[in-house]
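J.: Below is a structure I'd like to ask you about.
The values are calculated or read from the model by the stated rules, or taken from the named source; none is laboratory data. Please read these numbers as outputs of a predicted model, since none were measured by experiment. A quick note on method: Cβ atoms are made from the backbone with ideal geometry, for glycine too, and the neighbour counts reach across all protein chains shown. Calculation scope for accessible area: heavy atoms of the full protein, side chains included, ligands and nucleic acids excluded. Shrake-Rupley method; radii C 1.70, N 1.55, O 1.52, S 1.80 Å.
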Amino acid sequence: MPIASQTLETLEYPAILAQLARHTAFSVSRELALALTPSSDVIEIRRRLRLTREARRLLDDHNDATIGGARDIRAALGRARLGGSLDAPVFLDIAATLSSGRRLRSIVLRGDPLIYPALRELAGDLPVLPELEDRIARTVGDDGAVLDSASPALGRIRAEVRIAYNRLHERLQGMLASQLAEALQEPIITVRNGRYVVPVKAAQRRLIRGLVHDQSASGATLYIEPLATVELNNRWRELQLAEEQEVARVLAELSDVIGSQAVPLARGLEALGQLDLAFAQARYAAVLDAVEPEIVTADELAAEAAAGATPRPPLQFTRARHPLIPRGAVVPIDLRLGGAVRLLLITGPNTGGKTVALKTTGLLVLMAQSGLYVPASEPSRSPVFGQVFADIGDEQSIEQSLSTFSSHMTNIIRILRSLDAPPADDAAATASPPEPAPGHDQLEQLANWRRVAPGEWAPLAPVHAEPLPALVLLDELGAGTDPLEGAALARAIIERLLQRDVLGVATTHYAELKAFAYATDGVINGSVEFDLETLRPTYRLTIGLPGRSNALAIAERLGLDAALVARARSTMARDDAQVEDLLAGIHAERVAAAAERAAAGHERAAAEHERAALRAERDAFAAERDAAWRAAQAEIEAQLGEARQQVRRLRDDLRSVTVSRQWLEEAEQRLQQTRERTEQLRPARTAPAPVSGPPRPRPLQAGDRVHVASVGLTGEVLAIDDADATADVQVGGFRMRIAVHELQRERGGDAAVERREGPRVAAVSLPPVPDAPLTLDMRGWRAADVPTRLEQYLNDAYLASLPFVRIIHGKGTGALRQIVREHLRRHPLVASATGGGADGGEGVTVAHLVNR
């Protein structure tokens, strides 16, 4: 059952639609906006709100997302579908609509399907007919004229028309320049009845034979078509008629194409209207600074209560504003209804804002159920009301005058009867969807249906498992009659509303109703405040506290004799006076408590600010400390890496250089210095607690005599690699790399270190002089074996005091020769290396060694 039009008019809902329509871009969406009505179907309401939400986000991301140059082509589609021919400019409107729809479809479908599901569903109905667009572009120009390219025949006919025209004008121009020019009134060519003529003097008409088509008002000039040009005029006119016929044929043919595409074009036009309506709702929400209301159902609230969640009022508007009052002139109100409180009774002075609060509540409910955002702050929510009833006689209304008691009662009787009537069956739920034919009436019919799937529609009339609640808004309840009878009648009406389980807001001036609201479950007092200092209302709505009449206080403030005020107060009932005094005290205490809360809030905010500043300083200090620690660690690691590189270079020198006593002494000294520097750079660690027992032996070092368990031989440590946990050991004439854990220091095998004047000398046992041959035959070797085996051979040759050696590598490709000579060139024991000359040529290299 739709909400009554009387309620919509009373709450000024049409004015909201008029404001919304101003944000639409063409007549289709404008009509949809003006025809928008509140729905009682929660699925449809949430779909409309989702469209508004998605449109608002799309406009934020794409400010060019509009319908562009779309036009209302419903009449043209209807005419084309019936076989009528369309005028050429109409095709420009159709092409512009197709182009706008195609562009908007591209923008929407490029969006995320999870963000724009509803918009994408509508955009899917926008037709994409590039061939039709191209055909219209070839047929009609931007000025609305049919182009020569519309058809080959039209192009040929227009070419012939131009030729015939030129010939006709050449003949006429020749007559103007001939001897007949004296018979002309003036030397011009003009047109009469679609024929080219010349103005001839009436007195000399005999000089120019031809057909008279017209004469001047004075009769002095005759407009004659010379006989010499009659055939040319006839030919030109015939071609003009042929052109008109061909143009009509082209437009009729193109109109038939439009008629065959009328259904998708009408569907696309309806989708464009819905999309533009969604954009209008988004722009209207931005203008109002509105928020999306949460739509809640009784089942959802019951599920929340069963889950142990904090109960929420079904109807809640936070800092709500009347959308028809300028924002700077309206005072926001907070309103909550539902649960334990079902009816709010507002009292207070006239012009204090009671009726504005009443209308704001009803209007925001209607906007929410229409899919519009509401001018309020979060949280704002509303249930789905099956009906909204309003009886408002607003003295401040622009359009209505003060209501009488009888009109009030007539409206209230109608409301109560509607609440008592059983809900009507929803016969529309089984109705068939309308045929999506184009046309004005058809589009309005589609506005009452919602699409559930592509090509499938369902009526907007909802089917509910349980009756929906109603919202009742009553202004000046019980007014216009005797106060005692009016108050009694108002109490009875409120009790009946509570029995019908409705939500409602009512305003009154009766003091008896304040006590009634206080003592009745489900009813709560509310009031609009009044400033006695300025004698002006503040328009602030206070829930839980009844309003004061303020009549005596205002009279005294305005200067009425204090004795008269005191006399008036003495004639009041004692209970009424005590109530007024009690309300005054409560107001004063409430103002004081609000001031204290504000002061506490400022102090809390200052403390939070100070805490945030201290937290920021602590975080900054921690970050600076961590950065300094990381920098120090990086520097230590870099220095350790450099030290390790020096150790590796020393180890490589030990491997590649012939071991001599002096070199070993220098190497031992460099190695010891490097080790000491490494120990200095290593981060300090907490030393473990001493353990009783025999002292641990010192680590191995260069010069120690050790027993190699794996080979059963004794040798001397040349170098130790701490990183690899290996040691280079000289065993007889061999140099071996052994894991440290396989070495065992011989008793009495510590290196002897003497401290005396001069350089430090390490005791080293040299191996016996090897027996090295003078010639090394490398033919057949692999290139990878050359460096290692050649190194060993050169060391042996040097220790054997050979002055030179012959290395036979053969000629071949020259690769082996190049490797040998490159190695000899960089070797420290080789003084020079040359080819074999007569003794082998390029297949032999002779290396001269340095003197020992």
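J.: Of everything in region 1-27, what is not in a helix (DSSP H, G or I) and not polar (S, T, N, Q)? Give them in sequence order. Explain how you work it out, then say what you get.
T.: First, the residues of region 1-27 that are not in a helix (DSSP H, G or I): 1-4, 11-12, 22-26.
Scanning region 1-27 gives Met1, Pro2, Ile3, Ala4, Leu11, Glu12, Arg22, His23, Ala25, Phe26.
J.: Identify the residue in region 301-320 that is surrounded by 15 or more Cβ atoms within 10 Å (Cβ to Cβ) and at pLDDT below 85 and, among all such residues, is farthest from Leu344 (Cα to Cα).
T.: Among those residues, the one meeting the criterion is Leu301.
J.: Here's a follow-up. I'm trying to understand the selection: among the residues of region 292-341, which are hydroxyl-bearing (Ser, Thr, Tyr) and assigned to a strand (DSSP E or B)?
T.: If the condition is that a residue be hydroxyl-bearing (Ser, Thr, Tyr) and assigned to a strand (DSSP E or B), then Thr318 is the only one that fits.
J.: Right, next: Among the numbered criteria (1) under 30 Å from Glu253 (Cα atoms); (2) touching a residue at least 40 places away in the same chain (Cβ under 8 Å); (3) assigned to a helix (DSSP H, G or I), which single criterion is violated by Arg57?
T.: So the condition that Arg57 fails would be (1).
J.: For region 62-82, which positions are within 19 Å of the chain's Cα centre (by Cα) and either crowded, with 19+ Cβ neighbours inside 10 Å or touching a residue at least 24 places away in the same chain (Cβ under 8 Å) (or both)? Don't jump to the end; show me each part of the working.
T.: We begin by selecting, within region 62-82, every residue within 19 Å of the chain's Cα centre (by Cα); these are 62-66.
If the condition is that a residue be within 19 Å of the chain's Cα centre (by Cα) and either crowded, with 19+ Cβ neighbours inside 10 Å or touching a residue at least 24 places away in the same chain (Cβ under 8 Å) (or both), then His62, Asp64, Ala65, Thr66 are the ones that fit.
Condition check ((1) under 22 Å from Asp41 (Cβ atoms); (2) open to solvent by 50 Å² or more (accessible area, probe 1.4 Å); (3) assigned to a loop (DSSP other than H, G, I, E, B)) across all residues:
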{"residue": "Ser218", "(1), (2), (3)": "no, yes, yes"}
{"residue": "Leu232", "(1), (2), (3)": "no, no, no"}
{"residue": "Arg237", "(1), (2), (3)": "no, yes, no"}
{"residue": "Glu246", "(1), (2), (3)": "no, no, no"}
{"residue": "Arg249", "(1), (2), (3)": "no, yes, no"}
{"residue": "Asp256", "(1), (2), (3)": "no, yes, no"}
{"residue": "Leu265", "(1), (2), (3)": "no, no, no"}
{"residue": "Ala278", "(1), (2), (3)": "yes, no, no"}
{"residue": "Arg283", "(1), (2), (3)": "no, yes, no"}
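J.: Scan region 294-317 and report the pairs whose first residue is within 13 Å of Pro469 (Cα to Cα) and whose second residue is open to solvent by less than 70 Å² (accessible area, probe 1.4 Å) and among the hydroxyl-bearing types (Ser, Thr, Tyr), with Cβ atoms within less than 7 Å and a gap of 6+ or a chain change.
T.: Once the first residue is within 13 Å of Pro469 (Cα to Cα) and sits in region 294-317, its partners that are open to solvent by less than 70 Å² (accessible area, probe 1.4 Å) and among the hydroxyl-bearing types (Ser, Thr, Tyr) give Leu315/Ser382.
J.: Based on what the data block shows, is Gly780 of a type in the set (Gly, Ala, Ser), open to solvent by less than 50 Å² (accessible area, probe 1.4 Å) and at pLDDT below 85?
T.: Taking the combined requirement at face value, the residue does not satisfy it.
J.: Further, regarding this structure: Name the residues in region 520-543 that are at pLDDT 80 or above, open to solvent by less than 60 Å² (accessible area, probe 1.4 Å) and not in a strand (DSSP E or B), would you?
T.: Thr520, Gly522
J.: Within the group Arg57, Arg46, Arg50, which residue is over 17 Å from Gln369 (Cβ atoms) and either among the basic types (Lys, Arg) or in contact with a His (Cβ under 8 Å, 6 or more places away or on another chain) (or both)? Write out each step before concluding.
T.: Values: Arg46 fails: over 17 Å from Gln369 (Cβ atoms); Arg50 fails: over 17 Å from Gln369 (Cβ atoms).
Just a single option satisfies the conditions, and that option is Arg57.
J.: Just the residues that are hydrophobic (A, V, I, L, M, F, W, C) and surrounded by fewer than 19 Cβ atoms within 10 Å (Cβ to Cβ), please, taken from region 202-216. Talk me through it step by step, then tell me what you get.
T.: Step one: list which residues in region 202-216 are hydrophobic (A, V, I, L, M, F, W, C), which gives 202-203, 207-208, 211-212.
Across region 202-216, the qualifying residues are Ala202, Ala203, Leu207, Leu211, Val212.
J.: Against the conditions (1) in contact with a Leu (Cβ under 7 Å, 6 or more places away or on another chain); (2) small (Gly, Ala, Ser); (3) not in a helix (DSSP H, G or I), where does Ala33 fall short? Just the number, please.
T.: (3)
J.: Do you know which residues across region 110-140 are among the aliphatic types (A, V, I, L, M), closer than 20 Å to Arg267 by Cα and under 27 Å from the mean Cα position of the chain (by Cα)?
T.: Ala118, Leu119, Leu122, Ala123, Leu126, Val128
J.: Output the residue which, of all residues in region 4-40 that are touching a Lys or Arg at 6+ places or on another chain (Cβ under 8 Å) and open to solvent by less than 30 Å² (accessible area, probe 1.4 Å), is nearest to Arg74 (Cα to Cα).
T.: In this case the residue turns out to be Val28.
J.: When you check Arg103 against the structure, is it more than 22 Å from the chain's Cα centre (by Cα) and free of Cβ contacts under 8 Å to residues at least 40 places away in the same chain, yes or no?
T.: no
J.: Return the total of residues in region 702-745 being more than 24 Å from Leu799 (Cβ to Cβ), at pLDDT below 80 and open to solvent by less than 80 Å² (accessible area, probe 1.4 Å).
T.: 4
J.: Oh, and also: I need the full set of residues from region 212-257 which are within 22 Å of Tyr165 (Cα to Cα) and among the charged types (D, E, K, R), in order please.
T.: Asp214, Glu225, Glu231, Arg235, Arg237, Glu238, Glu243, Glu244, Glu246
J.: Is region 839-846 home to any residue that is open to solvent by less than 40 Å² (accessible area, probe 1.4 Å) and of a type in the set (Ser, Thr, Tyr)?
T.: Yes: region 839-846 contains one or more residues that are open to solvent by less than 40 Å² (accessible area, probe 1.4 Å) and of a type in the set (Ser, Thr, Tyr).
J.: When the residues of region 175-189 are filtered to those that are farther than 12 Å from Pro226 by Cα and assigned to a helix (DSSP H, G or I), which remaining residue is nearest to the chain's Cα centre (by Cα)?
T.: Ala181
J.: In region 803-820, what residues are outside any helix (DSSP H, G or I), open to solvent by 40 Å² or more (accessible area, probe 1.4 Å) and of a type outside the set (S, T, N, Q)?
T.: Quick first cut of region 803-820, residues outside any helix (DSSP H, G or I) only: 803-814.
Applying the additional criterion that residues be open to solvent by 40 Å² or more (accessible area, probe 1.4 Å) yields 803-804, 806, 811-813.
Answer for region 803-820, where residues must be outside any helix (DSSP H, G or I), open to solvent by 40 Å² or more (accessible area, probe 1.4 Å) and of a type outside the set (S, T, N, Q): Pro803, Phe804, Arg806, Lys811, Gly812.
J.: Residues that are within 30 Å of Ala632 (Cβ to Cβ), modelled with pLDDT under 80 and not in a loop (DSSP other than H, G, I, E, B): does region 680-690 have at least one?
T.: The answer is yes, given that some residue of region 680-690 is within 30 Å of Ala632 (Cβ to Cβ), modelled with pLDDT under 80 and not in a loop (DSSP other than H, G, I, E, B).
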